[in-house]
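Peer 1: Below is the structure I would like to discuss, written out as structure tokens.
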Amino acid sequence: MISKQRNYVGVSARKSGMAACHVCHLVVSLETLKDDNSCTRCHTPIHSRKVESISRTWALVCTAVILYIPANIYPIMTVSKLGQGEPNTIISGVMHLIHSGMWPLALIVFVASIIVPVGKLLVLMYLLYSVQNRSKNHPKDRTSLYRILELFGHWSMVDVFLVSILVALVDLGFIATIEPGIGVLYFGAVVIVTLFASRAFDPRLIWDVIDDDIG
Amino acid sequence: MPDSNENAQDSFELLACHECDYLYKLPPLEERTLARCHRCGSVLAEGDGDSIDNTLAFTMAALICFVIANAYPILGLRAAGQEQFYTLFYGAVVLSKFDLGAVGFVVFLTTILFPLLSMIGLLYVLIPIKTGRRPRYFIPIFKFTLALLPWGMIGVYMLGVLVSIVKLGDLATVVPGWGLYALVSLLLVSVAAVTTLNPRIIWQTADRLQQVKSDGGVDSKQIDNSSQGSHNVSLPDSP
Ligand SMILES: [Zn+2]
Ligand SMILES: [Zn+2]
């Protein structure tokens with residue numbers, strides 16, 4: 001049974017003087033809010049858009065880009081067999097998997113530790129750039145890009161977990177020793193900072209330009 | 001002409017898309033139906049299909065798996081007739097031996113503390129709601145639980161376990177511990193718990209319970225998702 005009743009209002013919440021609480025999603029009218037400007041249901045401060053979204057996202061993206069350099073230069077761990085050490089960076093870890101013929105696994109690690117963090121930062125920069133230039137092109141695709149970003153961002157943590165597992169397993173050291181390297185600290189920081197960066201971005205900014213045209 | 005919410009019908013719920021801010025008057029949704037934003041395609045809301053019962057059951061199962069996964073070793077190495085195992089907690093602690101305590105702490109938070117706190121938070125909120133009571137401190141505890149959920153990374157950790165088994169394959173024999181089986185089960189049930197979790201329904205149920213408390217009777221104007229499932233409205237393709 002399909003109702004003929006129109007179920008959309010035809011404008012954005014902001015254009016109709018409303019805002020959604022970002023925690024409980026209750027839509028409140030901004031006029032009726034009391035001085036404290038907080039959600040009538042869950043008391044979270046109400047903001048029509050994330051506060052300072054663009055500058056905060058840029059700051060976090062730049063931080064992640066800078067941290068990404070030492071994350072790739074320094075080894076994330078050093079594997080020593082019989083006293084001979086072999087430092088592993090993120091890239092050499094992937095190469096090692098390829099050389100051992102572990103193609104599917106190499107691909108997974110490559111995607112999780114290189115494609116995801118780099119792709120995520122590039123996509124965020126593109127989204128920021130497009131919003132700052134008031135682009136009206138492909139808003140739906142740009143929103144989808146953002147959604148994918150939020151969905152896969154945390155998979156890059158796999159390298160950090162891998163180091164912790166390997167170090168713990170081999171710690172008592174009767175066959176080999178694995179020492180974590182400072183690279184894992186930088187890489188972990190890249191992942192966390194990037195996660196915060198994508199949360200700081202507000203996808204509704206993509207649509208604001210289009211809503212401004214509607215009037 | 002945009003309608004203001006005052007003359008919107010009571011059975012309609014006002015919702016704004018959280019990705020494009022488009023405003024909707026959403027009719028009650030049928031069980032397990034998704035309402036998508038016609039403009040950007042993101043999920044606006046999901047109809048209630050016993051979501052509270054399901055989330056509660058999966059979360060309880062997850063807590064049991066969590067305890068076992070932490071009590072027993074995850075993986076062990078067998079070499080020269082010796083076996084050594086590590087536990088989830090040791091995996092986080094060991095990094096502090098190498099001056100990487102910060103990384104170890106993040107591992108501890110994302111694989112142990114945050115998953116544990118979000119499970120406890122969900123149980124704390126859902127058990128009273130299931131029995132028709134609004135839990136004390138509902139708002140801060142439920143907010144805290146929702147904020148922690150994205151930071152639990154058991155699934156990613158499992159991928160790390162898988163990669164480490166392969167990587168160490170040429171050094172020694174890797175032996176799975178009981179904790180690993182519990183960890184796999186934990187992953188499955190916690191994915192199920194998060195998938196069935198419908199925060200919108202929990203907020204609404206908690207609102208209704210508060211109403212009952214303050215009015216001493218059920219307010220018929222409150223949105224009741226279980227009884228009004230017949231008006232299924234498909235959202236239009238274009239404005
Ligand atoms: Zn709220
Ligand atoms: Zn939308």
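The values are calculated or read from the model by the stated rules, or taken from the named source; none is laboratory data. Keep in mind that what you see is a predicted model, and the values were worked out from it rather than measured. We place every Cβ from the backbone using ideal geometry, glycine too, and count neighbours over all the protein chains shown. The area values use the complete protein model at the heavy-atom level, side chains included, leaving out ligands, DNA and RNA. Shrake-Rupley method; radii C 1.70, N 1.55, O 1.52, S 1.80 Å.
Peer 1: Find, among the trypsin sites (Lys or Arg not before Pro) in the stretch A:96-156, those assigned to loop by DSSP (not H, G, I, E, B) with at most 16 other beta-carbon atoms within 10 angstrom. All intermediate terms of the calculation are to be shown ahead of the outcome.
Peer 2: Values: sites: A:Lys120, A:Arg134, A:Lys136, A:Lys140, A:Arg142, A:Arg147; in loops: A:Arg134, A:Lys136.
Passing sites in the stretch A:96-156 are A:Arg134, A:Lys136.
Peer 1: In chain A, what percent of the accessible surface is made up of carbon and sulfur (1.4 Å probe, ligands and nucleic acids excluded)? Display every interim value, and only then the final one.
Peer 2: Numbers: 6600 of 10260 Å².
Its accessible area is 64 percent carbon and sulfur atoms.
Peer 1: FRET efficiency for A:Ile91 and A:Thr177, Cβ-Cβ distance as r, R0 = 25 Å, nearest 0.05?
Peer 2: 0.70
Peer 1: Given a 1.4 angstrom probe, what's the average accessible area per residue across the stretch B:1-112, in square angstrom?
Peer 2: So the stretch B:1-112 comes to 43 Å² accessible per residue, rounded to a whole number.
Peer 1: Give the span of the protein assembly as shown's Cα atoms along each principal axis, as three whole-Å numbers ordered largest to smallest.
Peer 2: Computed over the protein assembly as shown, the largest-to-smallest principal extents equal 79, 53, 43 Å.
Peer 1: Once the convex hull of the alpha carbons of chain A is built, what does its volume come to per residue, in cubic angstrom?
Peer 2: Dividing the Cα hull volume of chain A by its residues yields 203 Å³.
Peer 1: Another question, then. Taking H as built 1.01 Å from N, whose amide H comes closer than 5 Å to the amide H of B:Ala16, not counting residues under 5 places away?
Peer 2: B:Tyr24
Peer 1: A further question on this structure: Using the Karplus curve 6.51 cos²θ - 1.76 cosθ + 1.60 with θ = phi - 60°, work out ³J(HN,Hα) for each residue of the stretch B:143-154 in order, rounded to whole Hz, and write x for Gly and Pro.
Peer 2: Rounded to whole hertz, the list is 4, 4, 4, 4, 5, 6, 3, x, 8, x, 10, 4.
Peer 1: Using θ = phi - 60° and the Karplus curve 6.51 cos²θ - 1.76 cosθ + 1.60, what whole-Hz ³J(HN,Hα) does each residue of the stretch A:113-124 get, with Gly and Pro shown as x?
Peer 2: 9, 10, 4, 5, x, 5, x, 4, 5, 5, 5, 4
Peer 1: Oh, and also: Non-local amide H neighbours of B:Thr87 (under 5 Å, H modeled in plane, Pro and chain starts lacking H): which ones?
Peer 2: The answer is B:Ile74.
Peer 1: Shifting gears a bit: Can you list the equivalent-ellipsoid semi-axes of chain B, largest first and in whole Å, using the square root of 5 times each Cα gyration tensor eigenvalue? Walk me through the numbers before you get to the answer.
Peer 2: Numbers: eigenvalues 386, 81, 48 Å².
Semi-axes from the Cα gyration tensor: 44, 20, 16 Å.
Peer 1: Taking amide H atoms as placed 1.01 Å from N in the peptide plane, list the residues 5 or more away in sequence, or in a different chain, whose amide H sits under 5 Å from that of B:Ala45.
Peer 2: B:Ala35
Peer 1: Over the Cα atoms of the stretch B:19-150, each weighted equally, I'd like the Debye log10 I(q)/I(0) at q = 0.10, 0.14, 0.21 Å⁻¹, rounded to two decimals.
Peer 2: The calculated log intensity ratios at q = 0.10, 0.14, 0.21 Å⁻¹ are -0.54, -0.87, -1.24.
Peer 1: Still on this model: Would you work out which of A:Gly101, A:Val11, B:Asn70 lies farthest towards the positive end of the dipole of the protein assembly as shown, given +1 charges on the beta-carbon of Lys and Arg and -1 on that of Asp and Glu, about the Cα centre?
Peer 2: A:Val11
Peer 1: Where in the stretch A:1-90 are there trypsin sites (Lys or Arg not before Pro) that are in a DSSP coil and have at most 10 other Cβ atoms within 10 angstrom of their Cβ?
Peer 2: Values: sites: A:Lys4, A:Arg6, A:Arg14, A:Lys15, A:Lys34, A:Arg41, A:Arg49, A:Lys50, A:Arg56, A:Lys81; in loops: A:Lys4, A:Arg6, A:Arg14, A:Lys15, A:Lys34, A:Arg41, A:Arg49, A:Lys50.
Answer in residue order: A:Lys4, A:Lys34.
Peer 1: Project the alpha carbons of the stretch A:1-48 onto their principal axes and report the range along each, largest first, in whole Å.
Peer 2: Here the Cα extents, ordered largest to smallest, are 42, 21, 15 Å.
Peer 1: Same structure again: May I ask which residue of B:Phe58, A:Phe187, B:Ile165 lies farthest towards the positive end of the charge dipole of the protein assembly as shown, with charges of +1 (Lys, Arg) and -1 (Asp, Glu) on Cβ and the Cα centre as origin?
Peer 2: A:Phe187
Peer 1: In Å², rounded to the nearest 100, what is the total accessible surface buried by chains B and A against each other with a 1.4 Å probe?
Peer 2: Working: alone 14360 and 13700 Å², together 21230 Å².
Summing both chains' loss of accessible area gives about 6800 Å².
Peer 1: Does the stretch B:63-104 come out rounded, prolate or oblate by the C-alpha gyration tensor, with a ≥ b ≥ c the root eigenvalues, rounded set by a/c under 1.5 and, if not, prolate when a/b is larger than b/c and oblate if not? Intermediate results must be reported in sequence, preceding the final value.
Peer 2: Details: a/c = 4.25, a/b = 1.07, b/c = 3.97.
Oblate.
Peer 1: Next question, about the same structure. Under 9 Å from the Cβ of A:Asp212, count the other residues' Cβ atoms, weight Lys and Arg +1, Asp and Glu -1, and hand me the total.
Peer 2: -1
Peer 1: Taking R0 as 25 Å, what FRET efficiency do you get between A:Thr44 and B:Leu34 from their Cβ-Cβ distance, rounded to the nearest 0.05?
Peer 2: Efficiency, from the Cβ-Cβ distance: 0.50.
Peer 1: Using only the alpha carbons of the stretch A:79-123, what is the convex hull's orientation-averaged projected area in square nanometres?
Peer 2: On the way: hull surface 14.1 nm².
Hull-based average projected area comes out at 3.5 nm².
Peer 1: What list of ³J(HN,Hα) couplings, whole Hz, do you get for the stretch A:139-153 from phi and the Karplus terms 6.51, -1.76, 1.60, once you set θ to phi - 60° and write x for glycine and proline?
Peer 2: Ordered by residue, 3J(HN,Hα) equals x, 5, 5, 5, 5, 4, 4, 4, 5, 5, 3, 5, 6, 10, x Hz.
Peer 1: Also, quick follow-up: How big is the charge dipole of the stretch B:50-197 about its Cα centre, in debye rounded to the nearest 20, if each Lys and Arg gets +1 on its Cβ and each Asp and Glu gets -1 on its Cβ?
Peer 2: 460
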